[in-house]
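*Asks:* If you scroll down you'll find the structure; I have some questions about it.
The values are calculated or read from the model by the stated rules, or taken from the named source; none is laboratory data. Quick caveat: nothing in here was measured; it's all calculated off a predicted structure. Please note: Cβ atoms are built from the backbone with ideal geometry, for glycine as well, and neighbour counts cover all protein chains shown. Side chains are part of the model used for accessible areas, which takes the heavy atoms of the whole protein and leaves out ligands, DNA and RNA. Shrake-Rupley method; radii C 1.70, N 1.55, O 1.52, S 1.80 Å.
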Amino acid sequence: MLLLKGLIAYFLLILASFFMVIGERLVTQRSFLWGRSICDYCHHPIHPLYLMPLIGPLLTKFHCSHCRHPIAKKYLFGELVYALSVIVLLLTTNHPIFNSAIFSMLFIMSVSDYHKQWVPDRLQLILLAIIMINHALLAIPIYWFQPIVLLLLFLLINKIWPQSIGGADIKTISLLSLTYPAHFGLMWLQIATSLALLYILCHNYVTHRSLEGIPFFPFITLSFPIISLVYYFNPNLF
């Protein structure tokens, strides 16, 4: 049983690595199926053994095997966050496969947003397809009125404070409001905003430089397992 759990956890790390490749290459117009992974610094192809999550970085001591430049920690961080988050969703939600699929799409979008600060529309179409398919298969309710209210609210906010909310953020939050109730969505936004503000404050304190803009999608994604844990341990909170 312990071995099986370990294999599942490692499989999630592999999935995370693949999803990070998808998110990054979609915004750089590269194939995520056929293109070889290369070092970010010397652009030398990476041996498949060194692409294995955790094992590869440990074998190379977190350096490129060719140029010996340190490997960016974002890859290891992303793999661990994805694996832990999916485990949380699998253990704490009523529809674990559905919620894990939603989180996986948000994770890919976060990688795209982090890398180039934009999210391809095709990813949001896939997110919509996942929501509608699971609505049909699992009879998960669809809240048609919530997205309309949110869209009007976001348009008003952007009218008062131009470009305060990105278009991809607006579309994705509106899509999520189709399948999650309003109280869940409100706490989701509160946690995402709080994480973003905390990140900005910590960055400014550590670097002594003002951080004006950051990709918001990663905070939306990170909020999902957090709100699931809150709801799981405090079901009467809502």
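*Asks:* One residue is enough: does segment 59-67 have a residue meeting the conditions open to solvent by 70 Å² or more (accessible area, probe 1.4 Å), in contact (Cβ under 8 Å) with a residue 24 or more places away in the chain and either farther than 30 Å from Y231 by Cα or touching an Asp or Glu at 6+ places or on another chain (Cβ under 6 Å) (or both)?
*Replies:* yes
*Asks:* Please determine, by comparing only the residues of segment 97-119 that are part of a helix (DSSP H, G or I) and open to solvent by 40 Å² or more (accessible area, probe 1.4 Å), which one is farthest from K5 (Cα to Cα).
*Replies:* For segment 97-119, the residue satisfying everything is K116.
*Asks:* Here's a check for you: in segment 180-190, which residue that is part of a helix (DSSP H, G or I) and open to solvent by 30 Å² or more (accessible area, probe 1.4 Å) is nearest to S104 (Cα to Cα)?
*Replies:* Checked segment 180-190; the qualifying residue nearest to S104 (Cα to Cα) is L189.
*Asks:* List the number of the failed condition for A9; all other conditions in (1) open to solvent by less than 70 Å² (accessible area, probe 1.4 Å); (2) at pLDDT below 80 hold.
*Replies:* In the conditions (1) open to solvent by less than 70 Å² (accessible area, probe 1.4 Å); (2) at pLDDT below 80, A9 misses (2) alone.
*Asks:* If K61 satisfies all but one of (1) assigned to a helix (DSSP H, G or I); (2) closer than 19 Å to G78 by Cα; (3) not aromatic (F, W, Y), what's the number of the condition it fails?
*Replies:* Going through (1) assigned to a helix (DSSP H, G or I); (2) closer than 19 Å to G78 by Cα; (3) not aromatic (F, W, Y) one by one, K61 breaks only (1).
*Asks:* How many residues are under 24 Å from L128 (Cα atoms) and in a helix (DSSP H, G or I) if we restrict to segment 158-179?
*Replies:* Count: 11.
*Asks:* Considering only segment 199-222, state which residues are at pLDDT 90 or above and open to solvent by 50 Å² or more (accessible area, probe 1.4 Å).
*Replies:* L222
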